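Have a look at the structure below before the remarks.
Each reported figure results from applying straightforward, stated rules to the coordinates on display, with no laboratory input. Remember, predicted model here, so these are calculated numbers, not experimental data. Here Cβ is always computed from backbone atoms with ideal geometry, including for glycine, and neighbour counts include all displayed protein chains.
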Amino acid sequence: QVIVAHNAARLNRASIEFTLAPERAMADNGDDTEPQAPLFDKTKSYNALTEADKSAHLAGAKVITLLMHKDTEECVMSLSVYDQAIVMPQVCRSAGYPKSMVHLSIRSFVFLFVNFFLQGFILYMICQEEMVMDKFAGQMHLCDFGANIERCPDGPNCVGPGGTNYENPGRMHSFSAWATRSFVRDSLRTLFADKIDEIDKTFDPGEYGLENYWVRFVCLFIFMMTGMADLRVSMDLVSILRALPTSAEPWMEYKVPTWDTKENVKRHLGKGEIDFVTFKLAGMSLKWKLLNMFLLVLPRFAVLWGILNFGTVYLMETAGIEDVVINVTALAFIFKLDELIFSCFSHRAAHHILSNIEPFSLSDRSAQEDFTPEECLSYLEADKNRPLLHMNLLPVRMLMTLCMALLFGGKYYYTYCERAPHGGIVSKSMFLPVEQVYPIVSFLFPTLFPAHSRPEPYWEMPVFED
């Protein structure tokens, strides 16, 4: 009687959920949910398939019902100091605060702050180079100097910072080479004042400019890809903290299979005692949520913004093709410091816990696990009836990455460049900083506390005369 009642309830549920027309079901579901359809009719073309094709169709139906949602509804913990700082204190609390786990929890926060220090220190040094050292070296912002050299001498961006026309690629040099050649020429003019015209005629220092316009933006897009990956993980942390119940729940349990004795399970499956310990994301108290939000999540977003902001300036100020490719690789390494610190310094117990913790699902998908083959195949047939031009066709994260590249690239041009009267985009006038060390407060809050500069410019865009 229990079995009959259970089957009747399942048939009743199936009749309610899958008797809708495909059009009405897809309209009710929206864009991000799988379509519903009438129960699959095996009397149609399905019976004409071979057993291998039937198995493939059923496998595809399982993929649609069980895997397609994971991209937006499932969060996976990564092997980094951020996730370690979230998980280890809760595992320690679940076990009743044993001293060994207390030590691992404290170490997780030590590694977290070490990561913040190293990433912040590298960013500060990049800022020191761009905002102080380059200015004392006499360097101007690169902007679009020489970006259209193939259209010179009559195209835009054909006038270099020295006030002469590029004319051909042979006159373009790196800043250090151009500064050295200009220094030699000016020294000769000073020593031999009576031969200035002859020196200017025979000694050409060239110009400083950009070797390739497009490779810089391609590398900027690649750099934003690493930033998007870090942003996605950061947003997963926010989603997890929001979705977890605000109550102290156990994050691990000792679970022995009931389908056989523990000794047989160990012998046949090659398992040990530690394999019966399972780790999961569960509820945490409000104070732990707030602590993780202010000590972990918000600083992570601040570091992410700093890397993207100063990293964009660093890339946009790189003139050489090989240099910009190398620099984008170096900047991507900054994003991986948290994983490197975890890999080098964390205890093997922390590695095991984070590697085996169960993924966290933002929605309950237990009903899909109980679908019959007919129910799964009905989803497959309804999915085939979807229009090809659908929102799921758009690569959203790729478009977001492109928008980030345009946003930070545009911010660079707006902050450091201006349009020249003769055409093209050139550097704004350059002023020496008052201090030889970039102020920490200006690094942390550049809008509220900007660094002070001397009133007289050390470089202005020369007036070009044909």
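A few comments on the model shown:
- Cβ-Cβ FRET estimate between F217 and R397, R0 fixed at 25 Å, reported to 0.05: 0.85
- Counting only lysines at least 8 places from K411 when in the same chain, those with an alpha carbon closer than 24 Å to its own are K135, K428.
- M125-L444 FRET efficiency (beta carbon distance; Förster radius 22 Å; 0.05 resolution): 0.90
- Here the label points at D370 and L58, each 7 Å from Cα along the C-beta direction, are separated by 2.0 nm in the simple model.
- Subtracting the Cα-Cα distance of V76 and E150 from 0.36 nm times their residue separation leaves 21.8 nm of extension gain.
- The protection proxy used here, the mean number of other Cβ atoms lying within 10 Å of each residue, ranks peptides 230-236, 96-102 as follows, highest first: 230-236, 96-102.
- Ordered from longest to shortest, the equivalent ellipsoid semi-axes for the chain are 59, 31, 18 Å, each the square root of 5 times a Cα gyration tensor eigenvalue.
- Local net charge near I196, Cβ-Cβ under 13 Å (Lys/Arg +1, Asp/Glu -1): -1
- With the simple model of a label 7 Å out from the Cα in the direction of the Cβ, S355 to A193 spans 7.6 nm.
- Set of lysines near K62 by C-alpha distance (under 19 Å), chain-local residues within fewer than 8 positions excluded: K42, K54, K70, K384
- Separation of alpha-carbon centers, region 359-436 and region 148-166, rounded to whole Å: 35 Å
- Legend: calculated FRET efficiency, R454 to A302, from the Cβ-Cβ distance at R0 = 45 Å, rounded to 0.05, equals 0.90.
- The number of Lys pairs in region 189-289 with C-alpha atoms less than 18 Å apart, excluding pairs fewer than 8 positions apart on the same chain, is 5.
- Relative contact order (percent, whole number), the chain, Cα cutoff 8 Å, 6+ residue spacing: 27 percent
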